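One structure is given below, encoded as structure tokens.
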Amino acid sequence: MDPTHNGVHIFGLFIEGARWNHEEKILEDSLPCEICCDFPEIHFLPTKISTESPNAPEQTESELYTFECPVYQTPERSRTWTTAGLASNFLTSVYLSTKKPPSHWITLQVALLCEKDEK
């Protein structure tokens, strides 16, 4: 079976607070005065969720980090919470490769957005 017939393709997202390097396929710092950038199409594939906790290998300089990037409907970080404890504007998370630790991107409040702020 053709793998593109499994899952779903999402396009039209924007990344806020960072940029995507299309050649290296990694998250990078934004260019000066760049707030929001187009993000490439994502192919979501269904996978079985493991209940086991994997042992995280130690990070070396040559390896990439993984940043769990939140995806929001709008640029507004919702202050309304669901009963599950999630922001109502929050949709999901996407795991992105990066050369910088996740704490760097969390500090910058990097997120994927379905619509960008037109201000």
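The values are calculated or read from the model by the stated rules, or taken from the named source; none is laboratory data. No experiment lies behind these values; they were computed from the predicted model shown. Cβ atoms come from the backbone with ideal geometry, glycine included; neighbour counts cover every protein chain shown.
Observations on the model:
- Residues located in the stretch 85-119, provided they are farther than 13 Å from P75 by Cβ and touching a Leu at 6+ places or on another chain (Cβ under 7 Å): V94, L96, S97, T98, K99, W105
Table: residues versus (1) within 18 Å of Y95 (Cβ to Cβ); (2) at pLDDT 90 or above.
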site: A18; (1), (2): yes, yes
site: D29; (1), (2): no, yes
site: E41; (1), (2): yes, yes
site: S50; (1), (2): yes, no
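- Close contacts from the stretch 9-22, counting a first residue that is under 17 Å from I106 (Cβ atoms) and a second that is of a type in the set (F, W, Y) and crowded, with 17+ Cβ neighbours inside 10 Å, with Cβ to Cβ under 7 Å and a gap of 6+ residues or different chains, come to I15/F39; A18/W105.
- Within the stretch 67-106, if we keep just the residues that are of a type in the set (S, T, N, Q), within 14 Å of the chain's Cα centre (by Cα) and surrounded by 14 or more Cβ atoms within 10 Å (Cβ to Cβ), the residue that is modelled with the lowest pLDDT turns out to be Q73.
- Here is the figure for the stretch 1-48: residues that are more than 13 Å from the chain's Cα centre (by Cα), more than 20 Å from K99 (Cβ to Cβ) and charged (D, E, K, R) total 2.
- Just one of the listed residues (E28, E41, E24) is within 18 Å of F67 (Cβ to Cβ) and touching a Phe, Trp or Tyr at 6+ places or on another chain (Cβ under 8 Å), namely E28.
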